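Take a look at the structure below.
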Amino acid sequence: MPTINAATGPIQTADLGRTLMHEHVFTVETEMAEYAPELAWNGTREDRILEAIRKLTDLKALGIDTFVDMNVLGLGRSIPDIVAVAEKVDMNIVLATGVYPQHGLPGPIAMRTPGKTPTGKLDDVLADLFIRDIRDGIAGTSVKAALIKGYTDKPLVTPVIDRCLRAVAFAHRETGVPINTHTDPNAGAGLEQLRVFAEEGVDLTRVVIGHSGDTLDLDYLRRIMDQGATIASDRFGLYFRDMPVMQQRVEVIATLVNQGYGDRIVLGHDTHCYADYDFPGGVISRETVPDWVHTHLVEQVLPALRAQGLAEEQIDQMLIGTPRRIFEMQGSY
Ligand SMILES: [Zn+2]
């Protein structure tokens, strides 16, 4: 029976069940948490941990079994905070490694230029860190990552992003864990990621292109899936400013399922139990994005998909079958 690592230890892929493929328990900037914890936690860490336990317990009661936490270096990740929650909930919390270089790479990584080993392999401290997180544990803990995150936003593949994507590809091929990405689909970032991954010999059926639900461009989405990759409509509830709303996202999925792409789509919200930027009166908050909660998919999106004519087995494919298939493609190559 294939297994993968979760926050509290290995789990069987048969037990993944209904899986949200891109979520966050906490997004709390670590330096702020040390410098001004009352701002970072909008109160106390202990209260936010109890709140997260309550929220994930409610989510499990709604039928969600697995929560893929896509927090990585640069995005405000603390393994002890996640473990404190994971130990108290009956939910598989699966963790990622990777880097979120929105503002560049941290100095100790940026100042070490990648090279090649004598045998021609990538020699990059960034890839070494990803591999360490997967094989030994993240940040000195025994908690192991089960997938790798890639990142490409509007400036597309700058030299820094190119380095990151090639490190992701290398660590993926060394360890065999899947890739799941952050993209700006409206800038075409997913196709750029696939180009770099293909150059690095990645089997694109082992790649999930994230945030793909943020575009209504069916041709772009089909071009990703026609190369074997999976798209994630993983921002349900984030209907911020001019971003597509639920009905538009649901119609895109229904169209693609009816065109035969139903086995290459996964779902999620990309929301958090608590994020340091989300507080009453904040720009992105419960007032501005009221549906951006982990219960939105089960309570509102699935009924909307059924209203579009999707059958239960088509919904199960996106929530259960495809996530399991992605995590079961294992082994280095
Ligand atoms: Zn995210």
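Listed values, structure above:
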read-out: Subset of the stretch 124-148 [more than 16 Å from GLY176 (Cβ to Cβ) and either basic (Lys, Arg) or assigned to a helix (DSSP H, G or I) (or both)]; value: VAL125, LEU126, ASP128, LEU129, ILE138, ALA139, GLY140
read-out: Any hit, the stretch 306-313, residues being in contact with a strand residue (DSSP E or B) (Cβ under 9 Å, 6 or more places away or on another chain), modelled with pLDDT of 95 or more and either of a type in the set (A, V, I, L, M, F, W, C) or over 17 Å from VAL25 (Cα atoms) (or both); value: no
read-out: Subset of the stretch 110-134 that is surrounded by 13 or more Cβ atoms within 10 Å (Cβ to Cβ) and either free of Cβ contacts under 8 Å to residues at least 24 places away in the same chain or small (Gly, Ala, Ser) (or both) - its residue that is nearest to LEU165 (Cα to Cα); value: ALA127
read-out: Residue within the stretch 81-92 that is of a type in the set (Gly, Ala, Ser), touching a Phe, Trp or Tyr at 6+ places or on another chain (Cβ under 8 Å) and modelled with pLDDT of 95 or more present; value: no
read-out: Those residues of the stretch 1-26 which are open to solvent by 30 Å² or more (accessible area, probe 1.4 Å) and touching a residue at least 12 places away in the same chain (Cβ under 8 Å), in sequence order; value: MET1, PRO2, ASN5, THR8, ALA14, ASP15, ARG18
read-out: Subset tally (residues that are open to solvent by 50 Å² or more (accessible area, probe 1.4 Å) and not polar (S, T, N, Q)) for the stretch 220-259; value: 7
read-out: Residue list for the stretch 306-325, restricted to those being more than 22 Å from the chain's Cα centre (by Cα) and part of a helix (DSSP H, G or I); value: ARG306, ALA307, GLU312, GLU313
read-out: Residue check for GLU29: under 16 Å from MET70 (Cα atoms), open to solvent by 40 Å² or more (accessible area, probe 1.4 Å) and within 16 Å of the ligand (Cβ to nearest atom); value: yes
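This table checks each residue for (1) open to solvent by 10 Å² or more (accessible area, probe 1.4 Å); (2) under 19 Å from PRO178 (Cα atoms); (3) touching a residue at least 24 places away in the same chain (Cβ under 8 Å).
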| position | (1), (2), (3) |
| --- | --- |
| ALA52 | no, no, yes |
| LYS55 | yes, no, yes |
| LYS60 | yes, no, yes |
| GLY63 | yes, no, yes |
| VAL68 | no, yes, yes |
| VAL85 | no, no, yes |
| VAL94 | no, yes, yes |
| TYR100 | yes, yes, yes |
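The values are calculated or read from the model by the stated rules, or taken from the named source; none is laboratory data. These numbers were taken from a predicted model, which means no experiment stands behind them. Every residue, glycine as well, gets a Cβ built from its backbone with ideal geometry; the counts of neighbours run over all protein chains shown. With ligands, DNA and RNA removed, areas are computed over all heavy atoms of the protein, side chains included. Shrake-Rupley method; radii C 1.70, N 1.55, O 1.52, S 1.80 Å.
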